[in-house]
Amino acid sequence: MMKRIQIFAFLLCLMGLTGCVSSGSSSPWDRSTYDAPAQQAPNQLTREALNTPMEGSVYTPYNSPAEQNTAQAQAQAQTQPQQPGVQTPYYQQPPKMPPQSAEEAVDSIYGSAPAQPPSRGNLSAQPALPPVKVALLLPLSGEHADLGQAMLQAAQLALFDMGYDAFELMPRDTRGTPQGAAQAAQGAATEGAQLILGPLFAGSVSAAKPVASRYNINMISFSTDWSLAGGNTYIMGFLPFAQVKRVTEFASRNGYNNIGILAPNTDYGNAVVAAYNSLAYRTGMRTADVVRFSPNESDTSTLLREFTKYDQRNNAAETGDMVPPLPFNAVLMPVGGDQARSIGNLLSYYDMGPIQVKRLGTGLWDDTGLATEPALEGAWFAAPSPDSRKSFERRYRELYGLRPPRLTTLAYDATALAAVLAKNSYQRQGRPSFDRNALLNPNGFAGIDGIFRFRPDGLIERGLAVLEYKDSAIRVIDNAPTTFQDIGY
């Protein structure tokens, strides 16, 4: 099981199984009407957000990190003794249990009341929040059951951390198919679900969307297919548009403004090219060349030989003529896995090593396995900061005995978001609600994957860090923003 989860964690991040993106030459990100910045820092998805009364504001007022640390320390002091030199975590660990099968998880959770966390001292004295029902549509059986199970476990952990006793999480098995997703959505709707989290795959989202719409239920999908956004559907998956903007602007500021693009001729590759072209047009960045290749092409050496202008440079060196300069000083490569390794090595083979030509990537490179590839040493890419999810990964591993797949943070953040939205709407209008106004809060939220918010068109915006492969590890070289106020995505 461990091996399968690790494989899925990378493959599902932005491509293939999550439905990726739709085809087309234009970027849906290029909409100036969505550039209005937020007026304050995001609301954090923490237990304090559920227990802090609102005062004349729809969303919990933001406290500075220092204020948060002080409040957190006070809460801890009332419930847990501090040991010298040891920082006590804010959360309390739920009981350790072995991983469940799909059948065991469904049988143990369907229709059952959520687990109640230990008392939190003065926090437990807050007024009880009303019951809410939130459906979670995941592939709990079938080919991708391991991933679905992992995301379910992450959602359960979020619910425990939030401490919302009357929050009923309703897991429903999509079986990883459109038909299964439609049936799961129908069942959840008829049983009173007020919000749907998921499904995961694009085909499943497409099948569940009309069901949710018919019952007037908003749906926060884990897919990355932007074409499904809109109406009652919000896309929470990791989208490439802001990633391209973030990494290329950072590269340009650091002298890498003559860029070649080598992209697969796929929906995802076309989306990256479109996003880059839109950015380059507005900022005046120079595009040296754009080359697309078939995703099924097993040997790209001939294409890379032409792309790097190797023959021209080599012939000039052999004849004693002036060797032309390298055609670009950075290459944007929206590919992952073995394809990224192969292209990186071919660039080096054609005298464009990582020192001579900077490698730029997208969130597909959020993969520790690629960090060990010498041909990608020093490569840059944009993604949520890994530092912010270290605590979650450690707790998940301690509880379930496995490393969490990359996509589990989506389930955690979505579940925590649902709890906060229910509380905020209850304080605002006397009943839990997951309406459009709540989901489109311009200030956004701070989750495990950093700050995020939904746009009016249903797409998600994220505050991203710039990361680098350095000495076989991934390190942050430009921190992710902590507020949307200064972001113009």
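The values are calculated or read from the model by the stated rules, or taken from the named source; none is laboratory data. No experiment lies behind these values; they were computed from the predicted model shown. A quick note on method: Cβ atoms are made from the backbone with ideal geometry, for glycine too, and the neighbour counts reach across all protein chains shown.
Can you confirm whether the range 469-489 contains a residue that is modelled with pLDDT of 90 or more, under 23 Å from Leu200 (Cβ atoms) and under 18 Å from the mean Cα position of the chain (by Cα)? No, the range 469-489 has no match at all. Name the single residue that is farthest from Leu137 (Cα to Cα) among those in the range 208-229 being among the hydroxyl-bearing types (Ser, Thr, Tyr), in a loop (DSSP other than H, G, I, E, B) and touching a residue at least 40 places away in the same chain (Cβ under 8 Å). Result: Thr224.
Against the criterion of being within 25 Å of Arg246 (Cα to Cα), surrounded by fewer than 19 Cβ atoms within 10 Å (Cβ to Cβ) and not aromatic (Phe, Trp, Tyr), Arg313 does not qualify. Here Arg175 passes the criteria (1) in contact (Cβ under 8 Å) with a residue 40 or more places away in the chain; (2) at positive phi except the one numbered (1).
Condition check: at pLDDT 95 or above, of a type outside the set (Val, Ile, Thr) and closer than 22 Å to Asn424 by Cβ. Does Ala181 satisfy that? The answer is no for Ala181. Examine the range 311-320 for a residue that is β-branched (Val, Ile, Thr) and either assigned to a loop (DSSP other than H, G, I, E, B) or modelled with pLDDT of 95 or more (or both), and state whether such a residue exists. No, the range 311-320 contains no residue that is β-branched (Val, Ile, Thr) and either assigned to a loop (DSSP other than H, G, I, E, B) or modelled with pLDDT of 95 or more (or both).
Listed here are the residues, each with its yes/no results for (1) over 13 Å from Gly378 (Cα atoms); (2) charged (D, E, K, R); (3) in contact (Cβ under 8 Å) with a residue 12 or more places away in the chain.
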position	(1), (2), (3)
Ala317	yes, no, no
Met322	yes, no, no
Pro325	yes, no, no
Val331	no, no, yes
Val335	yes, no, yes
Arg341	yes, yes, yes
Asn345	yes, no, yes
Gln356	no, no, yes
Arg359	no, yes, yes
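The number of residues in the range 227-247 that are farther than 11 Å from Phe381 by Cα and more than 15 Å from the chain's Cα centre (by Cα) comes to 7. Looking at Ala418, Ala411, Ala446 in this structure, which one is modelled with pLDDT under 95 and crowded, with 21+ Cβ neighbours inside 10 Å? Going through Ala418, Ala411, Ala446 in turn, just one is modelled with pLDDT under 95 and crowded, with 21+ Cβ neighbours inside 10 Å: Ala446. What number of residues in the range 328-362 are of a type outside the set (S, T, N, Q), surrounded by 18 or more Cβ atoms within 10 Å (Cβ to Cβ) and in a loop (DSSP other than H, G, I, E, B)? Counting residues in the range 328-362 that are of a type outside the set (S, T, N, Q), surrounded by 18 or more Cβ atoms within 10 Å (Cβ to Cβ) and in a loop (DSSP other than H, G, I, E, B) gives 9.
Residue-by-condition table, conditions (1) outside any strand (DSSP E or B); (2) buried (at least 21 other Cβ atoms within 10 Å of the Cβ); (3) among the charged types (D, E, K, R):
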{"residue": "Ile261", "(1), (2), (3)": "no, yes, no"}
{"residue": "Ala274", "(1), (2), (3)": "yes, yes, no"}
{"residue": "Asp299", "(1), (2), (3)": "yes, no, yes"}
{"residue": "Leu304", "(1), (2), (3)": "yes, yes, no"}
